[in-house]
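Here the structure comes first, spelled out in structure tokens, and everything after it is commentary.
Derivation of every value follows stated rules applied to the coordinates shown; laboratory data play no part. Remember, it's a predicted structure, so these values are computed and weren't measured experimentally. Quick reminder, even Gly has a Cβ in these numbers, built from the backbone with ideal geometry, and neighbours come from all protein chains shown.
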Ligand code: PEP
């Protein structure tokens with residue numbers, strides 16, 4: 001593999017945030033990224049009702065991209081409560097999360113549904129951040145690698161050369177729990193995902209970003225993102241505070257500069 005892909009740090013607010021907190025976050029992060037050109041991509045995924053407000057607060061700042069928390073597997077039409085990929089594009093999104101374990105759990109989303117969503121996202125020019133990860137029981141049974149490979153195999157859109165997708169490895173048991181896998185476990189899983197991609201996508205597999213999510217905080221972000229095949233992180237709880245999130249972005253920037 002020739003070079004490390006440009007890393008990505010993504011904020012997933014989930015079903016959190018108010019108009020006031022969203023405005024403050026957007027304005028603060030906008031000022032910071034305009035006065036510091038970071039060597040990483042930054043993405044924010046607010047709940048839909050706060051979308052426009054964050055978009056305005058970022059003042060169309062190119063350094064931070066908007067990301068949907070989900071998109072429908074179908075186009076516009078009679079699907080109450082869903083949001084289509086084309087709507088996200090119109091709202092100013094460049095990315096969309098698909099297959100987050102909370103959606104797989106709360107909405108029974110299968111790998112096939114996740115693949116359909118990721119495919120629609122790609123078709124409409126969005127970059128899907130495809131989330132995968134094993135449960136505690138699956139890890140304890142020694143099946144973590146097998147489960148994650150199977151999720152990737154079934155959730156990824158058909159890989160035609162040049163399409164941009166991001167894979168987020170998020171062990172379900174590490175999300176929102178404060179429990180972090182051993183660094184060796186993270187490293188082993190990311191290497192396994194990279195090897196799988198190389199077999200499937202060959203020449204451009206090295207460009208696909210594999211990010212880690214699950215209890216990432218300012219205090220542990222550096223040791224995680226220093227690992228060879230970790231190309232950034234997906235941050236839930238710690239992304240709600242603009243200072244904590246900024247500190248994770250700066251850590252990522254510093255690490256990337258040390259590799260350029
Ligand atoms: C997430 O929601 O994707 C996540 C990683 O959450 P947290 O950082 O809170 O564990």
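Taking the Kirkwood radius as Rh and the Cα radius of gyration as Rg, region 149-244 has a ratio of Rg/Rh equal to 0.98. GNM on the chain, alpha-carbon springs under 10 angstrom: the most fluctuating residue among 168, 11, 63 is 63. Highest-first packing order for the peptide set 52-59, 95-102, 41-48 is 95-102, 41-48, 52-59, based on the mean count of other beta carbon atoms within 10 Å. Across all Cα pairs in region 84-155, the calculated P(r) in 5 Å bins from zero up to the longest distance comes to 3, 18, 24, 21, 16, 8, 5, 3, 1 percent per bin. A convex hull fitted around the alpha carbon atoms of the chain yields 117 Å³ per residue. Percent of Cα pairs in region 33-141 per distance bin of 10 Å, from zero to the largest separation: 14, 42, 29, 13, 2. Mind checking the log10 I(q)/I(0) for region 200-260 at q = 0.14, 0.20, 0.21, 0.23 Å⁻¹? Debye, one equal scatterer per Cα, no solvent, two decimals. Those come out to -0.41, -0.74, -0.80, -0.91, one per q. In the distance distribution for region 114-188, Cα-Cα pairs more than 20 Å apart total 37 percent.
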